[in-house]
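Shown next, in structure tokens, is the structure this report addresses.
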There are 2 protein chains.
Amino acid sequence: MAIKDELIDLAKKAQGASRLAYGISSALKNKALREMACRLISAQEAILTANQKDLRRAQAGGKSSAFTDRLALSPERIRQMSDGLLEVAKLPDPVGEKLKCYSRPNGLKIEKVRVPIGVIAIIYESRPNVTADCIGLCFKSGNSVILRGGSEALQSNLAIFKVIKEVIKKMNLPEGLVNIVTAADRKAIDILLKLNDYIDLVMPRGGEGLIRHVVKASRIPVIKHYLGICHVYVDSKADLNMAQRICFNAKVQRPGTCNAMECMLVHQDAAARFLPGMIKEFSGAGVEIRGCPLTQKIAGRIHKSLVPKGRVKKAAERDYRSEYLDLILSVKVVPDLAEAIRHINYYGSHHSDSIVTNSSQNAAEFLKGVDSACVYVNASTRFTDGNQFGMGAEIGISTDKLHARGPVALEELTTYKYLIRGNGQVRQ
Amino acid sequence: MAIKDELIDLAKKAQGASRLAYGISSALKNKALREMACRLISAQEAILTANQKDLRRAQAGGKSSAFTDRLALSPERIRQMSDGLLEVAKLPDPVGEKLKCYSRPNGLKIEKVRVPIGVIAIIYESRPNVTADCIGLCFKSGNSVILRGGSEALQSNLAIFKVIKEVIKKMNLPEGLVNIVTAADRKAIDILLKLNDYIDLVMPRGGEGLIRHVVKASRIPVIKHYLGICHVYVDSKADLNMAQRICFNAKVQRPGTCNAMECMLVHQDAAARFLPGMIKEFSGAGVEIRGCPLTQKIAGRIHKSLVPKGRVKKAAERDYRSEYLDLILSVKVVPDLAEAIRHINYYGSHHSDSIVTNSSQNAAEFLKGVDSACVYVNASTRFTDGNQFGMGAEIGISTDKLHARGPVALEELTTYKYLIRGNGQVRQ
């Protein structure tokens, strides 16, 4: 009960501050962001000391090295957080943008303008840099933010938060704009997710388990950065050299990201020409293949010195639903474009999918048929990223269809309202 | 369990059809809508007969006359449904509209295009016309629709649905585009609300109880057409004649609508000049006033022949949170503009609120400070309506901030996707 009261109080303050935030000028917001960036650097020692505490606890708790790698901060990582805030300061302010402006026959002037959403809660796991990134984007877009990071990163998050909060206070900005929930109890998340009277949006950032839990428990609208089960489909009319470059890049360049390829689909007419060279290249990069029967058959003909035994396994159905985030790839030969589209819509996660083809008709069919946030022709799926799209920093990639789809950047952190100006109009 | 399997099957078919709907031309959609409109008229007898069954059941069940009025169909009401479909046929097709189009330095061409959302479930109460209205808007915007109307209107809804479904079949359109859930069991709603793998959006249309239930039970994103607790604030710098015309219209012209005024706020400097005449006019129209102490005091000075005893009561705090939908109005005198804004944000439902003032500074402050979908200056709140905004028909007025805010019309029933065209680009 004490936690609940505390959280309601915090959420109310966040809402109160958000109503003032709309009035803060872009210049002042940018000045505050630059100040936050500067203070993070000067507080480096304190942040690293706090991070050491989290790291020692994680190591004592026997966490994996991948886990501690995500958790660990360094002067370089603090510099990146600081640079991130400076970048956000440079981006155009979305608040106040006129989306539409027109007059009605009765003389009413209707304006549709971009405004902040209000209060945004971010629930995330072990990366402490999310603390600074999310504050930067929410603050610039005029929203109050409530952060709830993983308990494993609590000391690091608090140290970063403290530096930023001090800037807010020093500059006489509404204190409720930035908030952190420190209660280690996981029940705090469930309480937070019921506060739909105060919180307008929740964004979970983390693994599948966290996101499923938030969707199930929340009465607040959720934007999900969910699985990235991305495909490249090599069409019968593909430039096979280009296809090989794109597929290799999509899988290997950074396999741990959500926009990396997890499944490669190949038209049956291209399979015999395309797969041997492709599989050899993947094998050379240490990629494990989980293939359909035809893929296995073609791979079986390659000399063992090029593709060691065990490098190509049989794909189970669950492989087609897997986000490996690793040097593993499922491969399937499909009879035609229609089946490729069907496979992607059925097994994929509606994130990013690409076709390699020289046929403009096939490209058009793929663009139309694939129900994903980002659909590519002749390019790697790895470009799905706010920065690559020219939107600056991003808070995640939405795999939802409502409100925001694809990269969630400053614009996506806003809503709109209608301003209607009259001179005494009444309804007939 | 049988209901669950049935609903999953229906939702899967709806999803399958929605993936084909994207490809249906505007011309074909418009032809189908005109055909549906025509068939509703020719099937008038069958629809009225079915409606009679529902009406007899409602009367036998002792339902109120307001209830049977909402339920009752007539040749005139069927004509309105038919006209509604013809109107939707005339509106521009939002699907395929290019929202952005630009190139990146690496040569990638990025297009952001409007696409249908997918599968939309509408859960509604006793008005059978919602059946035709929702099918029209969802069909035109390229979405599959799953309807679940009130069990009291089942025969009427089925009769209307049957006519429309026959047009879909006859024109060889994907049958899964329009669907109706006939299970009377209310558990059907809860099952439906968990099918987030197939349904993309749910819109409840009905009373507060229904909407609260849907928000609580749903794992699917919800757009709420929630309470309309709308305000008119009469500023100290108002043209008081204009204020009286606007307030009277906002309250009396159609009190049962969500955009009618439920609370009138008056600046203390205007109260003594404004309230006597305004209260007399309201009283003459049969409006009951629930006033703050000062309002009561001013009303008490008016002669009983003009304002009968009992017409002005004391406002309790719950009055400020009430959506009367009736000839009842709460009235409060406020010390200043800031307090008016605070009252509206605190007690209102973020729907439609208006200021009457000749001060452009006060107008600007009100437009900025009031956190509602539609904020008016010198006009009646009654204009919040898709048609009045020039958007054609609407499916409701969203009081949410995510995805759609204010009137939900064809554009709001779409999402977007990014189409990215390259010539072999890979990420560095």
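Taken over the stretch B:172-207, the criterion of being free of Cβ contacts under 8 Å to residues at least 60 places away in the same chain and part of a helix (DSSP H, G or I) is satisfied by B:ASP190 alone. Checked against the criterion of being more than 19 Å from the chain's Cα centre (by Cα) and surrounded by 22 or more Cβ atoms within 10 Å (Cβ to Cβ), the candidates B:VAL234, B:VAL214 yield just one match: B:VAL234. Would you confirm whether or not the stretch B:322-340 contains a residue that is assigned to a loop (DSSP other than H, G, I, E, B), closer than 23 Å to A:GLY16 by Cβ and in contact with a Lys or Arg (Cβ under 7 Å, 6 or more places away or on another chain)? No: zero hits. Under the condition of being of a type in the set (D, E, K, R) and more than 7 Å from every other protein chain (Cβ to nearest Cβ), which residue from the stretch B:401-428 is surrounded by the fewest Cβ atoms within 10 Å (Cβ to Cβ)? Looking at the filtered set, the residue picked out is B:GLU411. Tell me, yes or no, whether the stretch B:242-254 has at least one residue that is out of contact with any strand residue (DSSP E or B) (no Cβ under 9 Å at 6 or more places or on another chain), farther than 27 Å from B:ARG405 by Cβ and more than 14 Å from chain A (Cβ to nearest Cβ). Checked against the condition, which is being out of contact with any strand residue (DSSP E or B) (no Cβ under 9 Å at 6 or more places or on another chain), farther than 27 Å from B:ARG405 by Cβ and more than 14 Å from chain A (Cβ to nearest Cβ), the stretch B:242-254 yields no hits at all.
Looking across A:LYS140, A:LYS162, A:LYS194, A:LYS187, one residue alone is farther than 30 Å from A:SER65 by Cα and either surrounded by fewer than 19 Cβ atoms within 10 Å (Cβ to Cβ) or touching a Cys at 6+ places or on another chain (Cβ under 8 Å) (or both). It is A:LYS194. Please find, within the stretch B:20-55, the residue that is farthest from the other protein chains (Cβ to nearest Cβ) out of those that are without any contact (Cβ under 8 Å) to a residue 24 or more places away in the chain and touching a helix residue (DSSP H, G or I) at 6+ places or on another chain (Cβ under 7 Å). Across the stretch B:20-55, the extreme among qualifying residues is B:LEU55. Within the stretch B:145-160, residues that are under 15 Å from B:LEU55 (Cβ atoms) sit with their Cβ atoms under 8 Å from residues that are assigned to a helix (DSSP H, G or I) and of a type in the set (Phe, Trp, Tyr), at 6+ positions apart or across chains, in these pairs: B:GLU152/B:PHE67. Among the strands (runs of 3 or more DSSP E) confined to the stretch A:353-428, the ones with at least 2 residues that are in contact (Cβ under 8 Å) with a residue 40 or more places away in the chain and touching a helix residue (DSSP H, G or I) at 6+ places or on another chain (Cβ under 9 Å) are located at A:374-379, A:414-425. Take A:SER103 and decide whether it is closer than 30 Å to A:VAL426 by Cβ and free of Cβ contacts under 8 Å to residues at least 12 places away in the same chain. Here the answer is yes, as A:SER103 does meet what is asked. All conditions but one from (1) modelled with pLDDT of 95 or more; (2) over 26 Å from A:ARG321 (Cβ atoms); (3) out of contact with any Phe, Trp or Tyr (no Cβ under 7 Å at 6 or more places or on another chain); (4) crowded, with 23+ Cβ neighbours inside 10 Å apply to A:HIS350; the one that does not is (2). Filtering the stretch A:181-211 to residues that are under 16 Å from the mean Cα position of the chain (by Cα) and either of a type in the set (Val, Ile, Thr) or over 15 Å from A:GLU125 (Cα atoms) (or both) leaves A:LEU201, A:VAL202, A:ILE211. Of all the criteria given as (1) out of contact with any helix residue (DSSP H, G or I) (no Cβ under 7 Å at 6 or more places or on another chain); (2) more than 10 Å from chain B (Cβ to nearest Cβ), the one not satisfied by A:ASP239 is (2).
One residue stands out among those in the stretch A:372-400 that are more than 9 Å from chain B (Cβ to nearest Cβ) and in contact with a Pro (Cβ under 7 Å, 6 or more places away or on another chain): the one that is surrounded by the fewest Cβ atoms within 10 Å (Cβ to Cβ), which is A:MET391. Summed over the stretch B:1-18, the residues that are under 21 Å from A:HIS350 (Cα atoms) and touching a helix residue (DSSP H, G or I) at 6+ places or on another chain (Cβ under 6 Å) give a count of 4.
Scanning the stretch B:250-266 for residues that are without any contact (Cβ under 8 Å) to a residue 12 or more places away in the chain and polar (S, T, N, Q) turns up nothing. Regarding A:ASP133, is this residue under 25 Å from A:SER18 (Cα atoms) and under 18 Å from the mean Cα position of the chain (by Cα)? Against the criterion (under 25 Å from A:SER18 (Cα atoms) and under 18 Å from the mean Cα position of the chain (by Cα)), A:ASP133 qualifies. Scanning the stretch B:324-340 for residues that are free of Cβ contacts under 8 Å to residues at least 40 places away in the same chain and of a type outside the set (Asp, Glu) yields one hit, B:ALA338. Only residues that are more than 10 Å from every other protein chain (Cβ to nearest Cβ) and closer than 18 Å to A:CYS247 by Cβ were counted across the stretch A:345-357, and they come to 6.
Table: residues versus (1) of a type in the set (A, V, I, L, M); (2) more than 22 Å from A:LYS237 (Cα to Cα); (3) touching a His at 6+ places or on another chain (Cβ under 8 Å); (4) not in a helix (DSSP H, G or I).
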{"residue": "A:ASP269", "(1), (2), (3), (4)": "no, no, no, no"}
{"residue": "A:LEU275", "(1), (2), (3), (4)": "yes, no, no, no"}
{"residue": "A:ILE298", "(1), (2), (3), (4)": "yes, no, no, no"}
{"residue": "A:LEU306", "(1), (2), (3), (4)": "yes, yes, no, yes"}
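Just one of the listed residues (A:ALA316, A:ALA338) is in the same structural domain as A:PHE248 (by TED's automatic domain parsing), surrounded by fewer than 16 Cβ atoms within 10 Å (Cβ to Cβ) and under 18 Å from A:ASP269 (Cα atoms), and it is A:ALA338.
Out of the residues in the stretch B:93-136 that are touching an Asp or Glu at 6+ places or on another chain (Cβ under 6 Å) and of a type in the set (A, V, I, L, M), state the one that is farthest from B:LEU73 (Cα to Cα). Top of the filtered list is B:ILE117. Which one of the conditions (1) closer than 18 Å to B:ILE420 by Cα; (2) away from chain B (no Cβ under 13 Å) does A:ARG318 fail to meet, given that it meets all the rest? With (1) closer than 18 Å to B:ILE420 by Cα; (2) away from chain B (no Cβ under 13 Å) applied to A:ARG318, the lone miss is (1).
Of the strands (runs of 3 or more DSSP E) lying entirely inside the stretch B:68-136, the ones with 1 or more residues being in contact with a Pro (Cβ under 6 Å, 6 or more places away or on another chain) and surrounded by 19 or more Cβ atoms within 10 Å (Cβ to Cβ) are found at B:109-116, B:119-124. Only residues that are part of a helix (DSSP H, G or I) and under 19 Å from A:ALA27 (Cα atoms): list them for the stretch A:137-165, please. Hits for the stretch A:137-165 are A:LEU137, A:CYS138, A:PHE139, A:LYS140, A:ILE164, A:LYS165. For the stretch B:4-60, filtered to residues that are buried (at least 16 other Cβ atoms within 10 Å of the Cβ) and outside any helix (DSSP H, G or I), the residue that is modelled with the lowest pLDDT is B:TYR22.
The values are calculated or read from the model by the stated rules, or taken from the named source; none is laboratory data. Small disclaimer: the values here were computed from a predicted structure and weren't measured. Neighbour counts are summed over all protein chains in view; Cβ atoms, including those assigned to glycine, are modelled from backbone coordinates with ideal geometry.
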